[in-house]
Amino acid sequence: QALFNLLIPDHAADAFSPPRLSEPGLWDLLLERLLGGLSHWDAEHFLFIAERGYLYEHNCAFFPLYPLSVRAVAEGALWPLQRLLRLRSRLLLSAVLLNSLFSVLAAAALYKLGCVVLQCRRVAFLAAVLFSISPANVFMAAAYSESMFAFLAFSAMWQLEKGQSWLSGLLFSLASGVRANGLINAGFFLYSRGKCFALQLQVGSGSVRKLPLLWKQLLSLASSVVLMCAGIFLPFALFQYYAYVRFCGPGIGLEQTVPKPLLQLALDKGYCLAAVDGVKPPWCSQRFPVVYSYIQDAYWNVGFLRYFELRQIPNFLLALPVTLLGSWAAWSYIIANPRHCLTLGLERRKSEEEGKPRAGFCCPAVFVYVVHATVLLAFGFFCMHVQVLTRFLGSSSPILYWFSAHLLQEYEPLLWSEGTDHQTVAPCSEKSLLGKSPGSSGKGTSENPVVRLLMNCRLITPLSKCILGFFLSYWLLGLILHCNFLPWT
């Protein structure tokens, strides 16, 4: 990132770029040279919010938990550096350190989640390694909220699979304080509770004698669902209330507290400040004053089919690989489990009764994750700026990594256990993680499966080349383009 940022001049993009109000010192300039490429595009919003709060209306499109965390680390753990670095530099350093930590924790949570859901350590491990070279990698490193959201979402899914409902609800609630699409995660809890109730109804006879017990279970289910969903939606509701109070209130004397360069920026760019001179934004008079949807509509023209223009074809091409991969994952799962999909996974299967569920990507437990990923994919493709699909899915759903790992494991001979046919690898034993590499000297060594494929890139199948090519090319392109204000947002 530092190398590309040094060699390639920044593009003069029409992006949010607030003026610096203090002169940088020597150490500030050095840090900017090393990490400055990670503070571009939306990262400017997060760093600005962490430094000055929600000064402009359109800053409210970015949720508060991540910038609050960045500010806390900058003022806490990095407090000894205040004599060397100004606040802006400490915030940037704090964001990079936090995202490095969250990326590692997210990879670990994805591995644990994969072990529980897929019942296959081999595919779970490969998926976690693929997450480490995610095509959305630059957003995991830059001052964006993707790493934090991925860690909270994957951890919440893992805890829910383990039966830790309240801890899962807390993590899902924190995730909805990081990104708006965290609200969709309430579906995991709804499905989990609904499935448990539906399977209980299929056990034993539905006699009238059991009706009181049934109603008691139904009431308990409804109360727990309401409480959990309320907890998940609470951060979003509180943030909308905060925005209403800040931007729809009187705002007396605000102009005197805002530095003149920032007031001038608002005048030059048309940014809306908090109720200056009693003038309120139009969304304040709506029946349900939700600032988030208003900003997406008014500032970024986000809406159904609004991005379907000829001049947006390059952006649709950027989103094509992840769109194809996500669609392929959904289709493959439906073809492998047609009855399970038609019954929404609410029918008790013989394999479950015998205690022998299928393992791997096509196992029944993956159904809700496929639905979640498909909903995100459809919404992002038709209603959002389509170029964000890669980071949108890459930080929200494990399907992108599970399905890629499934394809590599299923169709790449170099990953099959030595001396076994690929059909017998399905049990996914942990021993296969330590298998020998074809063509090796015979010494059993623990290897990274992705490194093994790259070291033998001439021998791998075309499908493996396409998957690894997608991950690595987007990993590299993201660093080159994003860090120089080129169109990679």
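Of Val178, Phe46, Gln164, which is farthest on the positive side of the dipole of the chain, counting Cα position, with +1 on Lys and Arg Cβ, -1 on Asp and Glu Cβ, and the Cα centre as origin?
Result: Gln164.
Helix 399-411 versus the longest principal axis of the chain: what is the Cα-based angle in degrees, 0 to 90, to the nearest 10?
Helix 399-411 sits roughly 40 degrees off the main axis of the chain.
Accessible surface of Leu29 in the full protein assembly, 1.4 angstrom probe, to the nearest 10 Å²?
Leu29 exposes around 100 Å² with every protein chain in place.
How much of the accessible area of the stretch 133-178, probe 1.4 Å, is carbon plus sulfur, in whole percent?
65
In deg cm²/dmol and to the nearest 500, what is the mean residue ellipticity at 222 nm of the chain if only DSSP H runs of at least 4 residues count, each as -39500 (n - 2.57), divided by the residue total?
About -18500 deg cm²/dmol.
Once phi is turned into ³J(HN,Hα) by the Karplus curve 6.51 cos²θ - 1.76 cosθ + 1.60 with θ = phi - 60°, what whole-Hz value does each residue of the stretch 374-381 show in order, with x for glycine and proline?
5, 4, 4, 4, 5, 5, x, 6
At 1.4 Å probe radius, can you tell me the per residue accessible area of the stretch 150-199 in Å²?
34
Roll a 1.4 Å probe over the protein chains and send me the accessible area per residue for the stretch 271-312 in Å².
I get 65 Å² per residue for this part.
Tally up the carbon and sulfur contribution to the accessible surface of the stretch 290-347 as a whole percent, 1.4 Å probe, everything protein left in place.
Taking all protein chains in place, the stretch 290-347 shows 70 percent carbon and sulfur surface.
If you count only protein heavy atoms with a 1.4 Å probe, what accessible area per residue comes out for the stretch 1-49, rounded to a whole Å²?
That works out to 55 Å² per residue.
The values are calculated or read from the model by the stated rules, or taken from the named source; none is laboratory data. Just so it is clear, the model here is predicted, and its values are computed rather than measured. Please note: Cβ atoms are built from the backbone with ideal geometry, for glycine as well, and neighbour counts cover all protein chains shown. Just the protein is used for accessible areas: all its heavy atoms, side chains included, with ligands, DNA and RNA removed. Shrake-Rupley method; radii C 1.70, N 1.55, O 1.52, S 1.80 Å.
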